[in-house]
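Just below is one structure, and these are the notes that go with it.
The values are calculated or read from the model by the stated rules, or taken from the named source; none is laboratory data. Every value quoted in this text rests on a predicted model; they were computed, and no experiment measured them. Virtual Cβ from ideal backbone geometry, glycine too; neighbours counted across all protein chains shown. Surface areas here come from the heavy atoms of the whole protein model, side chains and all, with no ligands, DNA or RNA. Shrake-Rupley method; radii C 1.70, N 1.55, O 1.52, S 1.80 Å.
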Amino acid sequence: MEGAEGARGLVAARPVAEGSVLVRVPLCSTVRVKAGIIAADVALAGALLEACEESVAWAHYAGAVMPALEQVHAGTQWDDAQLARLEQPLREGLFVRREENLRGGEDYARRECGWEPKKAGEFESSKSGCMLSSADDFRWALANVHSRSFGTQELQLLCPVADLLNHEARPMARPGDPPRHFLQPWRVAEEDQNGEDGGEFFELLAWRDFAAGEELTLPYGDYANVSLVCDYGFALRGNPAERYALWADPEDMVYDLDKGVPAEVRKLALLEARVGYMPIEAARAGSGARALTDGVLRLLHATEDELEAFEGARWGGPDGAAMLRVPVGEATRKAAQAMAARRAGELLAECESSLEDDLAALSAIEASFADSRGGEDKASDSGAAGRADELRQLLALEANIGYKEVMVEMELGDE
């Protein structure tokens, strides 16, 4: 299937049962590097460039399927003015990722190709036959690695056809659900032919049932919109995986306590031992991440008797549901909720625009998109560039809206 803005995907020709093999490609036909090595994504980008240089099949596939650099709208490709549209907490992380990509390209060009920069973003070759012609080649390869590659325990790879499946968010993880960070519907499998080794294959499996005529999808991961925008160049309205830091870790949260609330060493020691130094996050109501935040805040405001109950109960790691089962009084629950609401309100006050303003701006851009669809302005370079910038503005708004919606939920609490 092919959709608006050049989007592609795959459709089920017949009913597909969960666990069925959707794509099966010989491992030797993939582009791959060993997982776990330093900068595996950088190494895989180099391998992609080499494959396009040496393999007619990969050169044809990349040219026909992988978007050109000017068509990549992932946040790592944005300029400073486009990054400035993001709220500060989102902007900082994306800026770091963008700079890492640029440095990675330059380091790769020097190390693997023996190039030295003539000026920012340009290189001249000291080796003949090197596959890079500019820093943009590497930026293109790395952008496609970030948005199209798969990871296994041993490999990070690019697989033709498998990379055509679009993202679908999994249902929200509820309190008590097992962690699913490492669940992935793909694998490297060996084929046994009459007792002999038939070779290795990369297989992509159906993660749920699909009806005939339905688009086949793949959960890329439980990512907030800012992460989807950063690596993939799209966002989800009402994304159930939205989660953003209220405090960097339990210690940061303790230092932010309201006056009059005891910050006993016992509480912080208990949190550090059982939760660790993970961020304390704002998340969607009903999610496992929200349960963990609520549980941590209750422990922090617990009375002496309630603290003893926390110490004697079985809980730890990301399992917020177990923390919420520890009995606490109404005063502790209200104090915990008030602290979360106060912190969320502070972060909202630091934003450059309100949620209502962003929603209005989003509606205006979507209306502009609808009006310009099929217009003659897109035939010119200036028209295409303007539309690309408009799309990136829309993505920035989507990321900002997701951030503010979650903060508003935390601020309102159970109201």
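Could you tell me whether region 311-322 includes any residue that is closer than 28 Å to Gly238 by Cβ and either touching a strand residue (DSSP E or B) at 6+ places or on another chain (Cβ under 7 Å) or of a type in the set (Lys, Arg) (or both)?
Within region 311-322, none of the residues are closer than 28 Å to Gly238 by Cβ and either touching a strand residue (DSSP E or B) at 6+ places or on another chain (Cβ under 7 Å) or of a type in the set (Lys, Arg) (or both).
For Ser227, state whether it is open to solvent by 40 Å² or more (accessible area, probe 1.4 Å) and at negative phi. Steps first, answer last, please.
Values: open to solvent by 40 Å² or more (accessible area, probe 1.4 Å): yes; at negative phi: yes.
So Ser227 passes the test.
Read through the list (1) part of a strand (DSSP E or B); (2) in contact with an Asp or Glu (Cβ under 6 Å, 6 or more places away or on another chain), then give the number of the only condition that Ala235 fails.
For Ala235, the failing item is (1).
Does Leu300 count as at pLDDT 90 or above and over 18 Å from Asp319 (Cβ atoms)?
On the way: at pLDDT 90 or above: yes; over 18 Å from Asp319 (Cβ atoms): no.
Considered against the rule, which asks whether it is at pLDDT 90 or above and over 18 Å from Asp319 (Cβ atoms), Leu300 comes out as no.
Given the criterion more than 30 Å from Ala349 (Cβ to Cβ), β-branched (Val, Ile, Thr) and under 21 Å from the mean Cα position of the chain (by Cα), identify the matching residue among Val16, Val56, Val42.
Details: Val16 fails: under 21 Å from the mean Cα position of the chain (by Cα); Val56 fails: under 21 Å from the mean Cα position of the chain (by Cα).
Exactly one of Val16, Val56, Val42 is more than 30 Å from Ala349 (Cβ to Cβ), β-branched (Val, Ile, Thr) and under 21 Å from the mean Cα position of the chain (by Cα), namely Val42.
Please identify the pairs in which a residue from region 79-105 that is loosely packed, with under 11 Cβ neighbours inside 10 Å has its Cβ atom under 9 Å from the Cβ atom of a residue that is hydrophobic (A, V, I, L, M, F, W, C), counting only partners at least 6 apart or on another chain.
Cβ pairs passing all conditions: Asp80/Phe95.
Restricting region 31-78 to residues that are acidic (Asp, Glu) and in contact (Cβ under 8 Å) with a residue 40 or more places away in the chain, which is farthest from Ser353 (Cα to Cα)?
Taking region 31-78 and keeping what is acidic (Asp, Glu), we get 41, 50, 53-54, 70.
Keeping just the survivors that are in contact (Cβ under 8 Å) with a residue 40 or more places away in the chain gives 41, 50, 53, 70.
Values: Asp41: 35, Glu50: 45, Glu53: 47, Glu70: 29 Å.
Only one residue tops the list, namely Glu53.
Find the residue count for region 36-75, including only residues that are β-branched (Val, Ile, Thr), assigned to a helix (DSSP H, G or I) and open to solvent by 40 Å² or more (accessible area, probe 1.4 Å).
Looking only at region 36-75, we keep the residues that are β-branched (Val, Ile, Thr), and these are 37-38, 42, 56, 65, 72.
Now drop any that are not assigned to a helix (DSSP H, G or I), which leaves 42, 56, 65.
Okay, now just the ones that are also open to solvent by 40 Å² or more (accessible area, probe 1.4 Å), so 56.
The number of residues fulfilling the criteria is 1.
Hey, can you tell me all the residues within region 325-362 that are of a type in the set (A, V, I, L, M, F, W, C) and either over 19 Å from Ala289 (Cβ atoms) or in a loop (DSSP other than H, G, I, E, B) (or both)?
Residues of region 325-362 of a type in the set (A, V, I, L, M, F, W, C): 326, 328, 331, 335-336, 338-341, 344, 347-349, 351, 355, 359-362.
Selection gives Val326, Val328, Ala331, Ala335, Ala338, Ala349, Cys351, Leu355, Leu359, Ala360, Ala361, Leu362.
Let me spell it out: the conditions are (1) at pLDDT below 95; (2) more than 30 Å from Arg274 (Cα to Cα); (3) surrounded by fewer than 14 Cβ atoms within 10 Å (Cβ to Cβ), and Ala349 meets all of them except one. Which number is the exception?
(1)
How many residues are part of a helix (DSSP H, G or I) and touching a helix residue (DSSP H, G or I) at 6+ places or on another chain (Cβ under 8 Å) if we restrict to region 76-87?
4
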